[in-house]
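Shown next, in C-alpha cells, is the structure this report addresses.
The values are calculated or read from the model by the stated rules, or taken from the named source; none is laboratory data. Note that the structure is a prediction, hence the values are computed from the model and not measured. For neighbour counting, all protein chains shown are included, and Cβ atoms are generated from backbone atoms with ideal geometry for every residue, glycine included. Accessible surface is based on the protein model in full, side chains and every heavy atom, while ligands, DNA and RNA are left aside. Shrake-Rupley method; radii C 1.70, N 1.55, O 1.52, S 1.80 Å.
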Amino acid sequence: MARSTPAERFAAKTTTGPVPAALSTPCRLWPETALDRDGYGRFWLDGRYVPAHRYGYEQARGPVGAGLELDHLCSVRRCVADDHLEPVDHRTNVLRSTGPSAVNARRKRCVNGHDLTDPAVVHISYPPSHPNGMRKCRACARDRARRPREQQLAPVAQLPTVNHPERTAA
C-alpha cells in the first residue's frame, strides 16, 4: 500500500465552505477535530504539528517572509485557502482583528464623547507595555486625576456642638 503525500493528505482534509462577502472564492475549511485551542488548523508533518493555513499558503505561494504572519482576510480561522491569506506584520494583523486593541484603535470618541481624532484632545503615552503608544483622552484623564483630590479639598463640615449648662457654670 502506497503512502499518500503530505499534499494529498492536506487536500483530503479540507472541505469547501461559504464565500465571504469581500472575497470571490469560497473558504477551504479545516476539520473541527484538528484545531488547536485558538481555533486554527493543525497539520501533522515530519513528526510535528504545523499550522495548517501556513502549510497550505507555503505550498501554493512560497515561504512567508521573516517577521510576517498570515492574516485571514475572510476572518475564518479554520480557513486554509491560500488566496484568503495575506502576509502582514504583527501590528497590522492585530489591528485588522476584532480584539480589544483593534476595537479601541478604531474608536473615534471616548466614553464621554470627546473626539479622539483631534491631537489637541488626545495624549499618547509610551509605557513599556505599549511600545507603539496608547491613546488617552486629556479631558477624561484630568477628571480622573481630580476626583481623589476633590475629597481632600472639600470644605470641612462643622460638627454640631451640644451646650452643656453644667460645664459652663463656674
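Grab the beta carbon distance between R144 and A22, set R0 = 41 Å, and tell me the FRET efficiency rounded to 0.05. Computed FRET efficiency for R144 and A22: 0.55.
Lacking any other cysteine beta-carbon closer than 4.7 Å, the following Cys residues of the chain have no compatible partner: C74. Translational diffusion of region 47-107 was estimated from the Stokes-Einstein equation, with Rh taken as the Kirkwood radius over Cα pairs; at 4 °C and 1.567 mPa s the coefficient is 105 µm²/s. Here the chain exposes an accessible surface that is 53 percent carbon and sulfur, computed with a 1.4 Å probe and the other protein chains kept in place. D36 sits among other residues whose Cβ lies under 14 Å from its own Cβ, and their net charge, with Lys and Arg +1 and Asp and Glu -1, is +4. In percent, rounded to a whole number, the relative contact order of region 1-52 is 22, using alpha-carbon pairs under 8 Å and six or more apart. Values of log10 I(q)/I(0) for region 23-152 across q = 0.14, 0.15, 0.19 Å⁻¹ run -0.77, -0.82, -1.07, by the Debye formula with one identical scatterer at each alpha carbon and no solvent. Put a plus charge on the Cβ of each Lys and Arg, a minus charge on the Cβ of each Asp and Glu, and nothing anywhere else: the dipole of region 1-130 about its Cα centre is then about 280 debye. In the full protein context, the chain carries 74 Å² of accessible surface per residue, based on a 1.4 Å probe and ignoring ligands, DNA and RNA.
Lys and Arg at +1, Asp and Glu at -1: add these up for the other residues within a Cβ distance under 13 Å of R149 and post the number. List each step's numbers first, then the result.
Details: positive: R142, R144, R146, R147; negative: D143, E150.
With Lys, Arg at +1 and Asp, Glu at -1, the net is +2.
Taking label points 7 Å from Cα along the Cα-to-Cβ direction, V50 and Q152 give a separation of 6.0 nm.
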